[in-house]
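One structure is given below, encoded as structure tokens.
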Amino acid sequence: MKLIFLGPPGAGKGTLAVKAVEILGVPQISTGGIFRAAVAAQSPLGIKVKEIMDAGKLVDDETTIALVKERLAMDDVQKGYILDGFPRTIPQAQALAGFSTVDKVINFDIPDSGVLVRLGGRRVCRKCGFNFHAVFNKPKQEGICDHCGGEVYIRDDDQASAIQKRLEVYRAQTAPLIGYYREKGLLLDMDASPMIDEIVINFKKVMGLAV
Ligand code: AP5
Ligand code: MG
């Protein structure tokens, strides 16, 4: 199953992806996660993208497409994958069509007010990338990841100004993908506002899986 998770920043794409990996048995590919790992490693890619990400802007299409193309050539994704955060522009979607098929696109439907509450409280593990929330999903021990013991921190792009910018960028550059994939008959709309357990049920329902 080759799936795309499409939605605004903070819609819960990464959080559901972790559950969907267990349900479907295919890996999650998060372009944001790959970029954050590169920033942490201070690799040439990380040095190139850090300022862009912190400002809430998109990394250029050429760099992003090359990275995903290389990742999708690996053995572990031949049976399927969940693309979390890619494509994010029409040129990215067109490029993807040239090197992979897509079965379904899950459109995370959530108002800006919901996004702001989620991003305002997000906490992330620096080591394994797991998403926590200061109110909805706290780590058992403050500041420490339940899963790997890593440090739990606030992402640099979760500052108020970068959140606003990411929402603007989403509307201008990513939201047009909703129409693009709807026209191709691949889009499945999913209510992304409820709490995570209910979202898992919504996801199974839109996918036609047993609940
Ligand atoms: P990326 O990492 O993809 O960030 P994003 O799209 O802005 O999305 P987020 O990760 O912020 O949100 P999410 O939907 O995953 O929500 P989450 O599950 O964390 O990209 C970062 C940057 O990388 C971009 O800005 C760009 O610079 C660059 N980049 C990445 N891909 C690119 C591309 N294709 N092209 C160009 N540049 C690219 O949830 C948010 C919070 O809410 C968490 O705290 C979570 O615990 C909580 N939460 C989640 N679900 C629920 C729920 N159901 N109920 C209550 N709380 C919930
Ligand atoms: Mg994410």
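Summary table below
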item: Matching residues, segment 20-37, being in a helix (DSSP H, G or I) and within 10 Å of ligand 1 (Cβ to nearest atom); result: T31, G32, G33, I34, F35, R36
item: Total residues in segment 40-58, condition more than 11 Å from ligand 1 (Cβ to nearest atom), buried (at least 17 other Cβ atoms within 10 Å of the Cβ) and in contact (Cβ under 8 Å) with a residue 60 or more places away in the chain; result: 0
item: D61 crowded, with 19+ Cβ neighbours inside 10 Å, farther than 14 Å from D156 by Cα, acidic (D, E) and modelled with pLDDT of 95 or more; result: no
item: Complete set of residues in segment 97-122 that are near ligand 1 (Cβ under 10 Å from one of its atoms) and open to solvent by less than 60 Å² (accessible area, probe 1.4 Å); result: F108, I110, G114, V115, R118, L119, G120, G121, R122
item: Filtered residues of segment 142-164 (kept if of a type in the set (D, E, K, R) and open to solvent by 60 Å² or more (accessible area, probe 1.4 Å)); result: E142, D146, E151, D156
item: Residue check, E70 within 16 Å of S30 (Cα to Cα) and of a type in the set (D, E); result: yes
item: V49 within 16 Å of ligand 2 (Cβ to nearest atom), closer than 18 Å to C125 by Cα and over 12 Å from the mean Cα position of the chain (by Cα); result: no
item: Single match in L3, L16 (criterion: within 12 Å of ligand 2 (Cβ to nearest atom), open to solvent by less than 50 Å² (accessible area, probe 1.4 Å) and under 13 Å from the mean Cα position of the chain (by Cα)); result: L16
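Here's the yes/no breakdown for (1) out of contact with any Phe, Trp or Tyr (no Cβ under 8 Å at 6 or more places or on another chain); (2) under 18 Å from I4 (Cα atoms); (3) surrounded by fewer than 13 Cβ atoms within 10 Å (Cβ to Cβ):
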site: R166; (1), (2), (3): yes, no, no
site: R171; (1), (2), (3): yes, yes, yes
site: I178; (1), (2), (3): yes, yes, no
site: L188; (1), (2), (3): yes, yes, no
site: D191; (1), (2), (3): yes, yes, no
site: N202; (1), (2), (3): yes, yes, no
site: M207; (1), (2), (3): yes, yes, no
site: V211; (1), (2), (3): yes, no, yes
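The values are calculated or read from the model by the stated rules, or taken from the named source; none is laboratory data. As the structure is a computational prediction, the values presented were derived from the model and not from experiment. So basically every Cβ, Gly included, is an ideal-geometry build from the backbone, and we count neighbours across all protein chains shown. For the accessible areas, the whole protein counts, side chains as well, though only heavy atoms, and no ligand, DNA or RNA atoms are used. Shrake-Rupley method; radii C 1.70, N 1.55, O 1.52, S 1.80 Å.
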